[in-house]
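A.B. asks: Starting off with a structure, shown below.
The values are calculated or read from the model by the stated rules, or taken from the named source; none is laboratory data. Not measured: the values here are computed from a predicted model. Heads up, the Cβs are rebuilt from the backbone with ideal geometry, glycines too, and the neighbour counts pull from every protein chain shown.
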Amino acid sequence: MTPAEVLEMFAEVSNIDPRVPAAPTREIATAWARLLDDVPLAVAQDAVRDYYRSARYAKTHDRISTGDIVQFWESICDEARAENRRRMELVAIQEGLDGRAAIEAAKHKPIRRFADQFAVEQARKRARRDGLDPDEVAREVSRSRQAWREVPCSYCGAAVRQPCTVPGTQRELRKSPAHPVRMQAAAALRESA
């Protein structure tokens with residue numbers, strides 16, 4: 001999430017929990033964004049919904065924390081990895097491959113594609129709920145989530161259309177489609193167009 005997305009999330013949360021400021025300070029938004037940098041906004045919004053509907057909240061009335069959102073995101077990632085492992089096992093069985101090797105490869109496969117699909121599906125659901133065209137909204141969300149491909153990354157040096165990597169390792173990012181600076185550059189490019 002970016003600081004702007006954190007502000008959007010805080011505005012929604014303040015409608016549910018009046019103890020949460022609708023517009024936190026820039027420092028708070030930046031701190032939350034650093035802690036939630038790999039969490040898509042749609043996932044955070046779902047985490048908020050689930051948290052405030054939970055038995056835990058009904059019992060404690062604690063405000064949501066970054067830890068609650070990260071825990072929700074990690075549970076989704078775990079589900080995606082488990083599904084990936086199941087698919088890899090099936091492929092291994094069908095192709096007569098060593099199942100352990102296939103499962104091991106699945107454990108380390110990036111989940112970025114899953115996060116993109118999840119964000120698009122969440123956008124469709126919200127569009128239906130709000131009476132908008134789900135396909136049009138899904139196309140726009142998909143385009144905006146892929147816009148980072150049109151600019152190079154000044155943080156890791158990735159070229160246009162190349163994935164961002166963890167500096168010094170050349171491993172693709174797993175939890176975020178691109179570094180925040182690249183996404184901000186892509187957003188600025190889209191706004192100027």
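A.B. asks: Would you be able to say whether some residue in the stretch 105-113 is at pLDDT 75 or above, in a helix (DSSP H, G or I), of a type outside the set (S, T, N, Q) and farther than 22 Å from residue 43 by Cβ?
C.D. replies: no
A.B. asks: Anything in the stretch 40-62 that is assigned to a helix (DSSP H, G or I) and more than 21 Å from the chain's Cα centre (by Cα)? List them, or say none.
C.D. replies: 55, 56, 57, 58, 59, 60
A.B. asks: Okay, moving on. State whether one or more residues within the stretch 20-39 are surrounded by fewer than 18 Cβ atoms within 10 Å (Cβ to Cβ), touching a residue at least 60 places away in the same chain (Cβ under 8 Å) and either under 25 Å from residue 165 (Cβ atoms) or more than 14 Å from the chain's Cα centre (by Cα) (or both).
C.D. replies: Checked against the condition, which is being surrounded by fewer than 18 Cβ atoms within 10 Å (Cβ to Cβ), touching a residue at least 60 places away in the same chain (Cβ under 8 Å) and either under 25 Å from residue 165 (Cβ atoms) or more than 14 Å from the chain's Cα centre (by Cα) (or both), the stretch 20-39 yields at least one hit.
A.B. asks: How many residues are assigned to a loop (DSSP other than H, G, I, E, B), hydrophobic (A, V, I, L, M, F, W, C) and either in contact (Cβ under 8 Å) with a residue 12 or more places away in the chain or crowded, with 20+ Cβ neighbours inside 10 Å (or both) if we restrict to the stretch 146-193?
C.D. replies: 7
A.B. asks: Out of 135, 130, report the one residue that is over 19 Å from the mean Cα position of the chain (by Cα), within 19 Å of residue 45 (Cβ to Cβ) and modelled with pLDDT of 80 or more.
C.D. replies: 130
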